[in-house]
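To keep things clear, I will list the structure first and then write my remarks on it.
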Protein chains: 4
Amino acid sequence: MAVKEIDINCDMGESFGDYSFGSDEKIFPYITSCNVACGFHAGDPVHIEQTLRQAKAHGVKIGAHPSYPDLKGFGRRYLKMAPAELYASVKYQISAIKGMAESMGMKLSYVKPHGALYHVVSDDESEAHTMLQAIRDIDDQLYVVGLAGSPMKSIADQASIKFVSEAFADRRYMPNGRLLPRTIPGAVLIAPSEVAAQVVSLVMEQRVLDEKNEYLTVEAETICLHSDHPKIHHIVKAIDEALAERNIPKLAFSS
Amino acid sequence: MAVKEIDINCDMGESFGDYSFGSDEKIFPYITSCNVACGFHAGDPVHIEQTLRQAKAHGVKIGAHPSYPDLKGFGRRYLKMAPAELYASVKYQISAIKGMAESMGMKLSYVKPHGALYHVVSDDESEAHTMLQAIRDIDDQLYVVGLAGSPMKSIADQASIKFVSEAFADRRYMPNGRLLPRTIPGAVLIAPSEVAAQVVSLVMEQRVLDEKNEYLTVEAETICLHSDHPKIHHIVKAIDEALAERNIPKLAFSS
Amino acid sequence: MAVKEIDINCDMGESFGDYSFGSDEKIFPYITSCNVACGFHAGDPVHIEQTLRQAKAHGVKIGAHPSYPDLKGFGRRYLKMAPAELYASVKYQISAIKGMAESMGMKLSYVKPHGALYHVVSDDESEAHTMLQAIRDIDDQLYVVGLAGSPMKSIADQASIKFVSEAFADRRYMPNGRLLPRTIPGAVLIAPSEVAAQVVSLVMEQRVLDEKNEYLTVEAETICLHSDHPKIHHIVKAIDEALAERNIPKLAFSS
Amino acid sequence: MAVKEIDINCDMGESFGDYSFGSDEKIFPYITSCNVACGFHAGDPVHIEQTLRQAKAHGVKIGAHPSYPDLKGFGRRYLKMAPAELYASVKYQISAIKGMAESMGMKLSYVKPHGALYHVVSDDESEAHTMLQAIRDIDDQLYVVGLAGSPMKSIADQASIKFVSEAFADRRYMPNGRLLPRTIPGAVLIAPSEVAAQVVSLVMEQRVLDEKNEYLTVEAETICLHSDHPKIHHIVKAIDEALAERNIPKLAFSS
């Protein structure tokens, strides 16, 4: 399969009050889509506003990045919610980002669930359905970004939501196509060269080497970076060079 | 001056999690506009969703009710914010309500600031300007509800924001046209007959008896009730009867 | 087995800011122990202070009632915490109540975990161990209140923590000795006479009728009421009368 | 006046969840007292526990660092509280730190209010009185740290609370002895040599150069550093060298 281009997305706007997180301003030049924290796992109105302005300045596509309400746990812990609560929470968060983006003349393009919510909807049909219903009720043209190879794609298809398959540049995969949990050593790839190699492999060959050192097929339309990776400055450059060498342009999905 | 009709508004959706507040379902049949809590002083996504559904069922006009972020203080305490923070906080809250309302096929009509924010923008030109800018950047057709007789009207006029003058049914006025603070005994009128009489006086004569028992001119286009008033059930009925006797219809402003 | 007396405990101090919860002042005369909310699932410093004062006035024994940090979910949802976080969170909450009680010349007697934490430590040995370690590190003379018949008793025994077995006055039991979840109809007994009968059966016969209408042995040293039960005012009186008829005094455990 | 020694204090434990703040582990070797965040403006149980362990390992004196409840504003904004709320909030926070310290065999020595609360009690007799009452009701042997030269000293004296006068190493003073607000350029001294010089001047001559470049008398028993100062690593070393050159030992106050 000949690849024409790849979208690079990154979680942004995760600072809160006096707490800074990530190095957004250094990453914006290198990405094509940004997932904007909505204030539930991270972010606050000031940082959302600032992130949207930066996205506009850099011509970066905007997504809402809703989460379980858990600032202390950074949205990385599962929270059992009744469907009505999950539905309303997702709508609230997407609406906040959508309205703020539109107030600046921008358009919200997609939704990417964060952390524990991301992983739950990859697997749990009922919670995926609830979240997708919320997304569609806000705007049925919104894309949803989810784990490549997960059952969520077919749930999104049934709900007539456009699904964008995602792979991770800096995370080690398990043989079943899921990510090795962050609590396990080796879950995060550190060396920029290794991260860039995984990106190239994903883009050129639609596969990664998993934790067993076996090839795993991963067909992704967007690749995720993490703004708080300790070497993110080097990673964005290493990926850029690796893609440039192979004449693969970065381009926001569906552009 | 012949009065044709009056709008009755009430703060709604102020329950939070397992904490219930007010008796919204009993008040909805009696009001024409509802100020929906945005989650900063009260409310949460589940209760916002539920409040919007009730507003739709009752044909009640919807306003966003943004506040300082202070759940513990119910938004009743002033919080010094940098203009950028106030601006972004107001945009975030209005956007959340607007998007959720639109997802149900409803339209956000107005913004009414809550608690300490309401009183600050009645007086402080700089903070009023910041808030109005945020409102206009979301939607320049939104009305803003503010204290009748306050300087905010002229600030709104200059910003080309449509201002709706508000009076209070159950609060005692000071001679300067401001409300007697809640911490002072007598600040809240308790007897339903007294509240209804103040409404009639406001509607028919554009005046109230202030704490000195002198008449004070108050020209209001909307009158505010409080859902947590201990006698709210009797108050809504007493007002209804008093208005019906005088053939004054309730009607949302600008309808 | 001849019963000499029974302790009646109740969750108290669960109001937050302007949100009131339960009817503490009406319940205090009828209980012998109170579980004081610590601010994580409910409660705030003002209401904690007020609750401790009431406990002192009524001569009621004081326990800390720590929870997962989840005001929105009232501590009723499981939150996966690393052991270090669970340990520190429990210590923080107990310390806050202990210090405030001691500042009034009172003594903290016990700890009763709240909501989801209560149920998790009834079953999960690892989380129970972490919580018990935190309790013992604060004060090894503190009692811990837990579900009668659960494995937690033996875990507490091993940790040399004094365990107090608890039964519930107004909750339906499953045949395995656990409570029917609140989400299931019939989980909460409503009629005061039925609640009083369950208390009498627990005290006199150490058993309850479970959801299958079979007798289940429950040996409890304390019985829990809920301050937000819709008929709590009648329940406390019905229990009082039922116990008085049988000459069973109420007395705080270990008194 | 011959100076025998000086106490160096620093705000510590201000990280929250995944948000890190300051570089505590690098500063601990250089300080003699640490002000432990209590979770209201910053900090959480995990970071409090960790900070107390570090303090123990380094033999550093422990103080509680209570604040207004305002994570978003880092406790730097005034919040109007009723006396009962301020009183209970301060007691809650001190109790949490005190209990956790004692569980590790340590002793809480003092209280230093944070941010806006610090500045309010420097001036407002009523709020100072309320806070001091809370401190004394927890433990009448606790010291309170406050701004050198402020009226709080005499209020503390009247309340029989031991007052420790504090000066700031890296903040510019106004001629009235108050700090130039952070929002004004030049409020924070940046160059480590300049900070060290201010410390030496405070210790040797009990004076600083204020913003008008005039000498201002400041008699301080403890000097405050800020863990989030961009050059804190160099500052602690520069101060250390400057004090060593002059044979001034660092020693916790009242040791």
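Odds and ends about this structure:
- Within this structure, A:ALA128 passes the test of being farther than 22 Å from B:TYR87 by Cα and more than 12 Å from every other protein chain (Cβ to nearest Cβ).
- For A:ILE155, the conditions (1) out of contact with any His (no Cβ under 8 Å at 6 or more places or on another chain); (2) surrounded by fewer than 24 Cβ atoms within 10 Å (Cβ to Cβ) are fulfilled apart from (1).
A quick yes/no check of all residues on (1) among the charged types (D, E, K, R); (2) within 23 Å of B:LYS61 (Cα to Cα):
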| site | (1), (2) |
| --- | --- |
| B:TYR87 | no, no |
| B:ILE94 | no, yes |
| B:LYS107 | yes, yes |
| B:ARG136 | yes, yes |
| B:LEU142 | no, yes |
| B:PRO151 | no, no |
| B:GLN158 | no, no |
| B:MET174 | no, no |
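- Number of residues in the range C:163-186 that are farther than 17 Å from C:ALA116 by Cβ, part of a strand (DSSP E or B) and in contact (Cβ under 8 Å) with a residue 24 or more places away in the chain: the value is 4.
- Among residues of the range C:218-252, those that are touching a residue at least 60 places away in the same chain (Cβ under 8 Å) and not in a loop (DSSP other than H, G, I, E, B), counted: 13
- So D:SER160, is it touching a residue at least 60 places away in the same chain (Cβ under 8 Å), at positive phi and assigned to a loop (DSSP other than H, G, I, E, B): no
- Positions within the range C:210-232 being under 26 Å from C:GLY43 (Cα atoms) and surrounded by fewer than 17 Cβ atoms within 10 Å (Cβ to Cβ), in sequence order: C:ASP228, C:PRO230, C:LYS231
- Inside the range D:128-157, residues that are assigned to a loop (DSSP other than H, G, I, E, B) and among the polar types (S, T, N, Q) make up a count of 2.
- Criterion (modelled with pLDDT of 95 or more, crowded, with 17+ Cβ neighbours inside 10 Å and within 29 Å of D:PRO249 (Cβ to Cβ)) met by exactly one of D:ILE161, D:ILE138: D:ILE161
- Taking the numbered list (1) surrounded by fewer than 24 Cβ atoms within 10 Å (Cβ to Cβ); (2) touching a residue at least 24 places away in the same chain (Cβ under 8 Å) in turn, C:GLU102 passes all entries but (2).
- Test: residue in the range D:77-95 that is surrounded by fewer than 22 Cβ atoms within 10 Å (Cβ to Cβ) and farther than 26 Å from D:HIS129 by Cβ: no
- Being out of contact with any Ser or Thr (no Cβ under 6 Å at 6 or more places or on another chain) and aliphatic (A, V, I, L, M) is a property that A:ALA96 lacks.
- In summary, D:GLY22 fulfils each of the numbered conditions (1) within 15 Å of the chain's Cα centre (by Cα); (2) at pLDDT 95 or above with the single exception of condition (2).
- Just so you know, in the range C:184-199 the residues that are surrounded by fewer than 17 Cβ atoms within 10 Å (Cβ to Cβ) and of a type in the set (A, V, I, L, M) include one that is farthest from C:LEU243 (Cα to Cα), and it is C:ILE184.
The values are calculated or read from the model by the stated rules, or taken from the named source; none is laboratory data. What you are looking at is a predicted structure, and each value in this text was computed from that prediction instead of being measured. All Cβ positions, even for glycine, are placed from backbone atoms using ideal geometry, and neighbour counts span all protein chains on display.
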